[in-house]
Amino acid sequence: QKEVEQNSGPLSVPEGAIASLNCTYSDRVSQSFFWYRQYSGKSPELIMSIYSNGDKEDGRFTAQLNKASQYVSLLIRDSQPSDSATYLCAVWSSARQLTFGSGTQLTVLP
Amino acid sequence: DVKVTQSSRYLVKRTGEKVFLECVQDMDHENMFWYRQDPGLGLRLIYFSYDVKMKEKGDIPEGYSVSREKKERFSLILESASTNQTSMYLCASSTRDRGNTGELFFGEGSRLTVL
């Protein structure tokens with residue numbers, strides 16, 4: 001079983017819609033969770049971090065964490081074509097490593 | 001702004017050659033990492049370092065070694081390159097000041113092709 005799993009997609013949404021990206025993880029003692037965005041041909045960049053159960057909002061982005069279900073999600077409201085990228089879920093594990101999922105490719109259609 | 005600089009964006013090497021990938025960060029970060037990224041496999045951790053002269057194996061260290069002689073520099077070495085090491089290599093750094101150091105800053109990547 002992979003430590004961090006994401007729906008590989010691709011996921012397509014129309015401009016203005018809500019994009020929902022999901023991630024599950026296997027290490028129950030993980031405490032820190034991150035979403036990175038990676039544009040084609042570029043390096044990943046951190047867009048959200050979440051450490052506590054519940055929701056964390058930053059502009060059009062909302063991260064949601066449910067430790068009991070070992071589930072993390074990222075919602076992008078009012079999706080824009082510029083949001084088209086691969087989104088990587090990452091979990092800081094008990095092994096003191098940041099483990100990444102394989103990413104979900106999102107396309108926002110104009 | 002944090003800057004993580006990787007010495008080479010593109011390299012082409014032959015099987016059996018020794019390859020050095022250099023990474024330098026300018027933010028006095030304690031932690032440095034080397035990942036490789038392959039289609040469908042995502043980012044996989046090769047080695048990481050939490051301090052000068054320290055190194056720890058990640059998930060896929062076989063065929064690689066690292067060196068951290070100075071805080072700002074973390075080098076990845078392929079002693080004898082093989083075709084299955086053709087990949088995008090990403091260096092990253094983070095500060096120990098943040099609670100769990102999962103907030104990584106990445107370099108632009110080094111695309112290595114081994115023929």
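The values are calculated or read from the model by the stated rules, or taken from the named source; none is laboratory data. Just so it is clear, the structure is predicted and the values come from calculations on it, not from any experiment. A quick note on method: Cβ atoms are made from the backbone with ideal geometry, for glycine too, and the neighbour counts reach across all protein chains shown. In case anyone asks, the SASA skips ligands and DNA or RNA and just uses the protein heavy atoms, side chains included. Shrake-Rupley method; radii C 1.70, N 1.55, O 1.52, S 1.80 Å.
As a test question: what accessible area, to the nearest 10 Å², does B:S82 have when a 1.4 Å probe is rolled over all protein chains in place?
40
Of A:T62, A:T86, A:T24, which has the largest mean-square fluctuation in a 10 Å C-alpha GNM of chain A?
A:T62
Mind listing P(r) for segment B:1-42? All alpha-carbon pairs, 10 Å bins, whole percents.
Histogramming segment B:1-42 at 10 Å steps yields 19, 43, 32, 6 percent.
How much space per residue, in cubic angstrom, does the convex hull of the C-alpha atoms of segment A:52-110 take up? Spell out each step's value before the answer.
Details: hull volume 6.0 nm³, N = 59.
Spread over its residues, the Cα hull of segment A:52-110 gives 101 Å³ apiece.
Subtract the Cα-Cα distance of A:D55 and A:T107 from 0.36 nm times their separation in residues, and report this length gain in nm to one decimal. List each step's numbers first, then the result.
On the way: separation 52, 0.36 × 52 = 18.72 nm, distance 2.39 nm.
That works out to 16.3 nm of additional length.
With every protein chain present, what accessible area does B:E56 have (1.4 Å probe, heavy atoms only), rounded to the nearest 10 Å²?
Looks like 60 Å² after rounding.
Across peptide B:103-115, how many C-beta atoms of other chains are within 10 Å of each residue C-beta, on average?
On the way: counts 8, 9, 4, 7, 1, 3, 4, 0, 1, 0, 0, 0, 0.
Other-chain Cβ atoms within 10 Å of each residue's Cβ, averaged: 3.
Report Rg (one decimal) and Dmax (nearest whole number) for chain B, counting Cα atoms only, units Å.
For chain B, the Cα-based Rg and Dmax read 13.3, 42 Å.
Probe of 1.4 angstrom, ligands and nucleic acids ignored: what's the accessible area per residue over the protein assembly as shown, in square angstrom? Intermediate values should be presented prior to the final figure.
Values: 10760 Å² over 225 residues.
Accessible area per residue, the protein assembly as shown: 48 Å².
Output ³J(HN,Hα) for segment A:25-34: one whole-Hz value per residue in order, computed from phi by the Karplus curve 6.51 cos²θ - 1.76 cosθ + 1.60 with θ = phi - 60°, and x for Gly and Pro.
Here the 3J(HN,Hα) series is 9, 9, 7, 5, 8, 4, 10, 10, 9, 9 Hz.
Please report the antiparallel percentage of the DSSP beta bridges confined to chain A, to the nearest 5.
The antiparallel fraction comes to roughly 90 percent.
Semi-axes of the equivalent ellipsoid of chain A: what are they in whole Å, largest first, if each equals the square root of 5 times a C-alpha gyration tensor eigenvalue?
With the √(5λ) rule applied to chain A, the semi-axes are 23, 15, 12 Å.
Is there a simple number for the mean count of other chain Cβ atoms within 10 Å of the Cβ of residues in A:97-106, and what is it?
Numbers: counts 8, 14, 7, 8, 2, 8, 6, 0, 0, 0.
What the average comes to for A:97-106 is 5.
Could you tally the net charge around B:M88, taking each other residue with its Cβ under 15 Å from the Cβ of B:M88, Lys/Arg +1 and Asp/Glu -1? Kindly include the intermediate steps, with their values, before the conclusion.
On the way: positive: A:K42, B:R9, B:K13, B:R36, B:R44, B:R111; negative: B:D38, B:E108.
Charge balance in the 15 Å sphere: +4.
Using only protein heavy atoms and a 1.4 Å probe, report how much of B:D51 is accessible, in Å² to the nearest 10.
Result for B:D51: roughly 70 Å² accessible.
For segment B:4-15, take each phi angle, set θ = phi - 60°, evaluate the Karplus expression 6.51 cos²θ - 1.76 cosθ + 1.60, and give the result in whole Hz per residue in order, putting x for glycine and proline.
Calculated HN-Hα couplings, in order: 10, 10, 9, 5, 10, 7, 9, 9, 10, 10, 9, 3 Hz.
Could you name the lysines in cross-link range of B:K70, using Cα to Cα under 17 Å and dropping any fewer than eight places away on the same chain?
List returned: B:K3, B:K53, B:K55.
Please sort by residue number the trypsin sites (Lys or Arg not before Pro) in segment A:16-47 whose DSSP state is loop and whose Cβ has at most 13 other Cβ atoms within 10 Å. Don't skip to the answer; put the middle values down first.
Values: sites: A:R28, A:R37, A:K42; in loops: A:R28, A:K42.
Counting only loop positions with at most 13 other Cβ atoms within 10 Å, the trypsin sites (Lys or Arg not before Pro) in segment A:16-47 are A:R28, A:K42.
Per residue of A:32-41, how many C-beta atoms from partner chains lie within 10 Å of its own C-beta, taken as a mean? Present the calculation step by step, with values, prior to reporting the outcome.
Details: counts 6, 2, 4, 0, 4, 0, 4, 0, 0, 4.
The shielding value for this peptide is 2.
If you wrap a convex hull around the C-alpha atoms of the protein assembly as shown and split its volume per residue, what is the figure in Å³? List each step's numbers first, then the result.
Details: hull volume 27.4 nm³, N = 225.
In the protein assembly as shown, the Cα hull volume divided by residue count equals 122 Å³.
Mind ranking B:R73, B:R68 by accessible surface for me, highest first, 1.4 Å probe? Before the final figure, lay out the partial values.
Numbers: B:R73 100, B:R68 10 Å².
So, going from the largest accessible area down, we get B:R73, B:R68.
Between segment B:27-71 and segment A:62-110, how many Å separate their Cα centres?
23
So what are the ³J(HN,Hα) numbers for segment B:65-76, from phi and the Karplus equation (6.51, -1.76, 1.60; θ = phi - 60°), rounded to whole Hz, Gly and Pro as x?
Ordered by residue, 3J(HN,Hα) equals 9, 9, 9, 9, 8, 10, 4, 7, 10, 9, 10, 10 Hz.
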